[in-house]
Every structure is written in structure tokens, then in C-alpha cells.
Amino acid sequence: MGVHGTGVNGISGSNIVGYYYDSSDNYHGFLYDGSTYVTLDDPLGTMDTTATGISGNKIVGYYEDSSFITHGFVTSVPEPSFRVLLGIGAVSLLAYAWRRPRQAA
């Protein structure tokens, strides 16, 4: 998964959380549910985000902001139906943009 490394920090049932390093040496948290990887990047984590543990449907971790200050977070495991809805919405928007009539310049 990670270009420069991947680590596992927690397991709860079939869910696994951890981190991976990308090609820029930034790290990102992830959730693996046995079939799908979901990247967990905090919106305020401009440099790095990592998931350090999981218990039931709660994920804990930390991120580093643009001032290099570390902050903790707690989030819920995304529901599969929510991920499906996000995917359907993205495909619908792309289809709309592709089929929308173009205005002449």
C-alpha cells in the first residue's frame, strides 16, 4: 500500500487501522475492512495523519497541522452504505458534467 512503508496499529473484528508513507514521505491513516482500504486524512492534517487504534466503531489517532503541532482525533468507522452513497454521488456528478451541453466560445 505505502510506497515507503505501511504499519498496522490496531485491529477490532475485521477492521484494521494504521498508516502508510506516500512517495513524498507524508503519512496517512488507513482503515482496512477486509476488502477495502479507506484513507483517513484529517482535513486539518496538512502534513501527516495516522490512525493509532480502533475499538468497535471508534478510531483514534493524531495529525500534524501546518504549524507542526500534533492534535488527537476520534472518529467513527465509515458505514459501507455511506461509502456507496459517496461513490454514486461522484459518478453522478461526473456523468452530469460529461453530458452537459457545452456553450460555444
Write out, first by first residue and then by second, each pair whose Cβ atoms fall under 7 Å of each other, whose residues are 6+ apart or on separate chains, and whose first residue, in region 59-76, is without any contact (Cβ under 8 Å) to a residue 12 or more places away in the chain while the second is in a strand (DSSP E or B). Thr70/Tyr62; Thr70/Glu64
Note on region 34-49: residues outside any loop (DSSP other than H, G, I, E, B) and in contact with an Asp or Glu (Cβ under 8 Å, 6 or more places away or on another chain) are Asp48, Thr49
Taking the criterion of being on the phi > 0 side of the Ramachandran plot, out of contact with any helix residue (DSSP H, G or I) (no Cβ under 9 Å at 6 or more places or on another chain) and not in a strand (DSSP E or B), would at least one residue in region 50-65 satisfy it? yes
When region 1-33 is examined, which residues are found to be assigned to a loop (DSSP other than H, G, I, E, B), of a type outside the set (Asp, Glu) and under 13 Å from Val77 (Cα atoms)? Gly13, Ser14
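Of all residues being at pLDDT 85 or above and over 15 Å from Tyr19 (Cβ atoms) in region 66-89, which is surrounded by the fewest Cβ atoms within 10 Å (Cβ to Cβ)? Just the residue, please. It would help to see each step written out before you state the result.
Step one: list which residues in region 66-89 are at pLDDT 85 or above, which gives 67-76.
Then drop every residue that is not over 15 Å from Tyr19 (Cβ atoms), which leaves 67-69, 71, 74, 76.
Values: Ser67: 7, Phe68: 9, Ile69: 9, His71: 13, Val74: 9, Ser76: 10.
Across region 66-89, the extreme among qualifying residues is Ser67.
The values are calculated or read from the model by the stated rules, or taken from the named source; none is laboratory data. As the structure is a computational prediction, the values presented were derived from the model and not from experiment. Backbone-built Cβ (ideal geometry, glycine too); neighbour counts: all protein chains shown.
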